[in-house]
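This report refers to the structure that appears directly beneath it.
Read-outs: derived from the displayed coordinates by stated rules, not from any lab. It should be emphasised that the depicted structure is a prediction, and the values quoted were computed from it without experimental measurement. Positions of Cβ are backbone-derived with ideal geometry, glycine not excepted, and every protein chain shown enters the neighbour counts.
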Amino acid sequence: MKKNISKFVIYSIVLLLSLELLVRIFHLHNERPERYLDEYGVEKWIPNQVGYSITGNRKQNVGKYRINNFGFNSVYDNYESSKDSIEVAIVGDSFIEGFHQNYTNSISVMVEKQLPNIKVLEFGYAGYNFSEELNLIKSYNHLFKDIDRVIIYLRYTDDLTTGEYKVSNRLSLNTPMNRLLKKSKLIVYAKDMGLFDSVKNKLISTRYKLTSAIGFIKNLISLRKIPDLPVKPYEMNEVNNDSIYLANFKKLVKTFNYDKKKNVLLLDFSLCSKEFLSYLRQNNFKTINFDANFKKHIRPKILIYDQHWNNLGREIIANEIVEYIKNENLK
Amino acid sequence: MFFNSIDFAVFLPIVFILYWFTFNQNIKTQNVLVLIASYIFYGWWDWRFLSLIVFSTLVDYTLGILLGTEVKETKRKIYLWISIIINLGFLGFFKYYNFFIESFVDAFTFFGQDVRVTSLKIVLPAGISFYTFQTLSYTIDVYKRNLDPTKKFIAFAAFISFFPQLVAGPIERASNLLPQILKKRKLNYEQSIDGLRLMLWGLFKKVVIADSLSPIVNDIFENYSTHSSPVLIMGAVFFAFQIYGDFSGYSDIAIGTSKLFGIELMSNFKFPYLSRNIAEFWRRWHISLSTWFRDYLYIPLGGSRGSKIKGIRNIFVIFLVSGFWHGANWTFIFWGLFHAVLFLPSFLCGTNRKYINNNVNSSFSFLKIVSNIYNTLLTFILVTVGWVFFRSATITDSFTYLKIIFTKFSFEHYTHPNGYRLIDYFILLLFFMIYEYIIRNNERNPIGFKNEYVRLFVYILLVFLMLLFYDDGVDRSFIYSQF
């Protein structure tokens with residue numbers, strides 16, 4: 001029996017090691033650069049990192065990234081601005097960060113190809129919300145003050161969940177245990193594929209069931225009135241958030257002294273509430289709406305296994321920005 | 001609880017350890033554990049449906065004993081009919097009630113009569129068609145005196161509800177499973193390893209073949225009117241592999257799991273897509289059901305004995321009932337009818353028993369090889385046409401689907417909304433069929449290569465492919481568990 005068990009264990013170890021090797025050989029795993037909080041309290045990527053961002057379970061999308069000296073994915077080594085040239089900044093989350101494409105084919109490169117006299121600087125960072133974007137602009141005022149236009153990508157449904165700036169908890173994920181687990185590319189790959197999600201969901205639902213059952217038994221023993229069951233995890237999101245988003249937007253605009261002349265909001269109008277759009281119109285916020293042109297194209301605009309824009313999606317965004325800049329007639 | 005769920009991954013090792021290391025003193029304790037585990041397994045879906053199994057078990061246990069002791073033929077016949085009526089009554093109510101009511105209303109509406117009968121919101125208990133047939137086989141065998149009734153209630157209840165095959169088969173015969181349950185089992189390392197290998201192979205077919213093809217198949221069948229012939233052909237072929245991977249995958253996991261508990265279940269699939277005619281296909285596809293119908297319906301009706309007309313009638317009966325067994329929808333009935341029509345030429349020409357030995361011929365005669373390839377391809381094409389009926393939502397959909405296949409010949413670049421890379425699936429299916437051909441003579445040991453390193457290589461390859469094709473977003477339930 002012992003011999004059989006040890007044989008089984010050895011087979012399992014060889015299997016896991018072989019899978020680790022295969023994942024590395026075929027480079028199926030995603031690479032993520034390291035984060036840090038800089039001297040201004042802005043969360044960025046540690047400068048000068050290069051790697052491949054991989055999406056889809058059979059390496060269906062590969063993008064090479066290159067973090068520059070400033071801590072963002074870009075073709076430029078450094079970010080400088082001057083009064084003599086025309087510069088445009090694009091600030092946003094992972095959609096602008098563009099790890100899902102080669103850094104040489106980013107939205108800014110696409111815009112620059114059409115407008116060679118304009119320099120486009122990208123400030124995209126996965127997970128940034130509106131407060132973090134405004135905090136970046138404020139913290140690096142010395143850089144942004146000479147930039148002619150700042151285009152801020154605002155994903156209405158995700159980016160207005162808070163009305164104040166707080167350092168995110170993303171950095172706290174960088175624990176020694178997580179760093180150790182990340183050394184196994186098999187674990188990184190399996191996690192990205194959602195293999196552990198079902199385990200995680202099962203644990204959450206089991207904990208919920210247990211809590212409910214224990215509460216029920218406790219109350220039954222003490223003959224008290226049975227309290228309402230705890231709110232199920234998925235029920236917590238079922239609230240209309242539009243009024244909260246609008247309030248948060250107003251608060252952030254005020255806190256960070258939002259520059260309505262220079263800043264432009266890049267929006268998908270179809271995601272926004274009517275109240276939010278009418279507020280923007282009434283208060284003369286500059287906007288670019290890419291929804292109409294997105295709908296014109298039948299072909300998919302997003303990637304496989306990923307909600308980010310694919311090449312066509314990015315092209316549409318770049319064209320929208322080009323059109324806007326042309327109309328603005330920047331000098 | 002599905003075989004591919006986290007629940008089962010926790011449940012199985014616990015039951016395995018308890019079975020071999022705690023409840024292993026005698027048969028009774030082993031069977032008590034099997035019964036408890038089976039009821040937990042089944043109750044995981046909906047504990048209320050346990051009452052149906054318990055009731056069926058009580059009825060057939062009692063009737064079995066009465067059939068064993070009763071001498072008068074009339075009374076024995078009554079006992080048999082009570083079992084048939086109760087079991088098929090449950091099945092009929094839960095599975096077919098709404099279908100009959102709706103068909104009845106449709107028929108009257110067709111003749112201009114307005115009939116108002118309300119259908120009921122009935123939830124179909126998982127696996128009801130499978131365990132109903134299993135328990136019926138027991139009473140029929142006891143009635144025919146082919147089997148002695150058991151007086152051991154726990155063992156009988158464990159036989160009816162044995163969890164590895166409870167929900168989607170194989171539909172076991174009492175003559176095969178019951179004697180094994182009545183005998184004390186001993187842990188056999190080789191048998192357990194064989195079981196694990198079969199489970200791995202079954203899981204591979206489910207995760208890599210069935211689950212990965214299902215979103216593409218769903219998309220094509222749901223939007224078939226917007227596609228052209230090549231895309232619809234691809235959809236039908238992909239469904240052929242999806243349903244095969246899904247169902248045979250389930251059977252392999254069931255057989256493998258049973259082996260872990262020292263019990264051998266019958267084979268349910270023997271590489272059906274390598275069949276060279278429809279008759280051979282039915283000897284390789286869902287064997288436990290086709291042999292059930294053969295033994296308990298076709299042969300009692302007279303089988304192929306007697307006149308040709310009678311034989312043809314029996315063929316149509318068995319295929320129509322088989323189609324109807326799958327679900328309360330005209331699509332399944334048409335599917336059965338279609339197979340009856342396909343079966344007919346080989347029955348009339350007497351070639352239906354041509355490939356009876358079940359082995360795919362591997363002789364080196366060139367002509368024979370070409371003829372085998374041609375026959376295999378032709379059979380696969382015909383079976384795939386039949387799958388269009390099986391998969392379509394309505395009978396009108398299936399005919400329109402087939403009409404487009406034969407009329408709308410334009411090249412179309414198919415893109416799934418999620419952008420799946422189609423070439424991956426073509427390569428996968430090609431290599432899958434090559435592997436199936438390599439292991440064609442041993443469906444019970446698909447990774448049973450003599451060389452240890454080859455076996456290890458196949459284990460690694462299968463798990464690696466599961467990692468490559470695992471899709472978090474698909475519905476991972478088994479198709480046949482809905483029947």
> Amide H to amide H, which residues 5 or more places from A:K286 or on other chains are under 5 Å from it, using H placed in the peptide plane?
Replying inline: A:L265
> Once phi is turned into θ = phi - 60°, what whole-Hz ³J(HN,Hα) does the Karplus curve with 6.51, -1.76 and 1.60 give for every residue of the range B:29-35, x standing for Gly and Pro?
Replying inline: 5, 4, 5, 4, 5, 4, 5
> Once Lys and Arg get +1 and Asp and Glu get -1 on their Cβ, which of B:F204, B:F469, A:V9 lies farthest toward the positive end of the dipole of the protein assembly as shown?
Replying inline: A:V9
> Other chains near B:465-472: what is the mean number of their Cβ atoms within 10 Å of each residue's Cβ?
Replying inline: 5
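Based on DSSP H assignment, which helices of chain A show an axial Cα extent of at least 24 Å together with a mean Kyte-Doolittle hydropathy greater than or equal to 1.0?
Working: long enough: A:2-25 (34 Å, 1.22); A:197-221 (36 Å, 0.08); A:311-328 (25 Å, -0.38).
Sorted by number, the helices that extend far enough and score high enough are A:2-25.
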> When the distances between all Cα atoms of the range A:257-325 are binned every 10 Å from zero, what whole-number percent does each bin get?
Replying inline: 18, 45, 29, 8
>> Taking the Cα centroid of the range B:279-333 and of the range B:179-220, what is the distance between the two, rounded to the nearest whole Å?
In response: 27 Å
> chain A: D in µm²/s via Stokes-Einstein (Kirkwood Rh, Cα pairs, 25 °C, 0.890 mPa s)?
Replying inline: 108 µm²/s
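Using a simple charge model, +1 on the beta-carbon of Lys and Arg, -1 on the beta-carbon of Asp and Glu, nothing else, what dipole does chain B show about its Cα centre, in debye to the nearest 20? Write down the numbers at each step before the final one.
On the way: 43 positive and 30 negative charges, 385 e Å.
The calculated dipole for chain B is roughly 1840 debye.
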> Which of the peptides A:321-327, A:127-133, A:44-50, A:5-11 is most tightly packed, and how do the rest follow, going by the mean number of other Cβ atoms within 10 Å of each residue?
Replying inline: A:127-133, A:321-327, A:44-50, A:5-11
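First select every other residue whose beta carbon is under 14 angstrom from the beta carbon of B:F133; then total the charges, Lys and Arg +1, Asp and Glu -1. Provide the component values of the computation, followed by the final result.
Values: positive: B:K95, B:R173, B:R294; negative: B:D60, B:D141, B:E172, B:D295.
Once all neighbours under 14 Å are counted, the net charge is -1.
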> What ranking do B:32-41, B:47-56 get when scored by the average of other Cβ atoms within 10 Å per residue, highest first?
Replying inline: B:32-41, B:47-56
> Using the Cα atoms of the range A:96-233 to build a convex hull, what is its mean projected area in square nanometres?
Replying inline: 13.8 nm²
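What does the charge dipole of the range B:6-187 about its Cα centre add up to, to the nearest 20 debye, if the Cβ of each Lys and Arg holds +1 and the Cβ of each Asp and Glu holds -1? It would help to have the intermediate numbers written out before the result.
Working: 18 positive and 11 negative charges, 167 e Å.
Computed charge dipole of the range B:6-187: roughly 800 debye.
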>> Could you derive backbone 3J(HN,Hα) for the range A:27-41 from the dihedral phi with the Karplus parameters 6.51, -1.76 and 1.60 (θ = phi - 60°), listing whole Hz in sequence and x where the residue is Gly or Pro?
In response: 6, 7, 7, 7, 10, 10, x, 7, 9, 7, 10, 7, 5, 8, x
> What is the Cα convex hull volume of the range B:6-187 when expressed per residue in Å³?
Replying inline: 136 Å³
>> Restricting everything to alpha-carbon atoms, can you work out Rg to Rh for the protein assembly as shown with a Kirkwood hydrodynamic radius?
In response: 1.03
>> How many angstrom lie between the Cα centre of the range A:155-184 and the Cα centre of the range A:77-139?
In response: 21 Å
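About the Cα centre of the protein assembly as shown, how large is the charge dipole given +1 on each Lys and Arg Cβ and -1 on each Asp and Glu Cβ? Please answer in debye to the nearest 20.
On the way: 92 positive and 66 negative charges, 571 e Å.
Roughly 2740 debye for the protein assembly as shown.
Among B:391-403, A:195-207, B:460-472, how do they line up from the highest to the lowest mean number of other beta-carbon atoms within 10 Å?
On the way: B:391-403: 16.6, A:195-207: 12.8, B:460-472: 18.5.
With the highest mean Cβ count within 10 Å placed first, the list reads B:460-472, B:391-403, A:195-207.
When Cβ neighbours within 10 Å are restricted to other protein chains, what is their mean count per residue of peptide A:17-23? Don't skip to the answer; put the middle values down first.
Values: counts 1, 7, 5, 0, 1, 6, 3.
Neighbouring Cβ atoms belonging to other protein chains average 3 per residue here.
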> Taking θ as phi - 60°, what are the ³J(HN,Hα) couplings along the range B:257-262 by the Karplus curve (6.51, -1.76, 1.60), each to the nearest whole Hz, with x for Gly and Pro?
Replying inline: 5, 4, 4, 4, 9, x
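Per-residue mean of other chain beta-carbon atoms within 10 angstrom of the beta-carbon, peptide A:56-65? The partial results should precede the final answer.
Working: counts 4, 8, 7, 2, 5, 1, 0, 0, 0, 0.
Mean partner-chain Cβ count within 10 Å for A:56-65: 3.
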> Per Stokes-Einstein, at 25 °C and 0.890 mPa s, what whole-number D in µm² s⁻¹ belongs to chain B, with the Kirkwood radius over Cα pairs as the hydrodynamic radius?
Replying inline: 102 µm²/s
>> Skipping prolines and chain starts, which residues have an amide H placed within reach, meaning under 5 Å, of the one on A:V91, given they are 5 or more residues away or on another chain?
In response: A:F123, A:I151, A:I152, A:Y153
> Taking the Cα centre of the protein assembly as shown as the origin and placing charges on Cβ (Lys, Arg +1; Asp, Glu -1), which of A:G163, A:S222, A:T287 is farthest toward the positive end of the dipole?
Replying inline: A:S222
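Computed over the Cα atoms of the range A:134-179, what is the ratio Rg over Rh, Rh following Kirkwood? All intermediate terms of the calculation are to be shown ahead of the outcome.
Details: Rg = 14.8 Å, Rh = 13.5 Å.
That ratio is 1.10, to two decimals.
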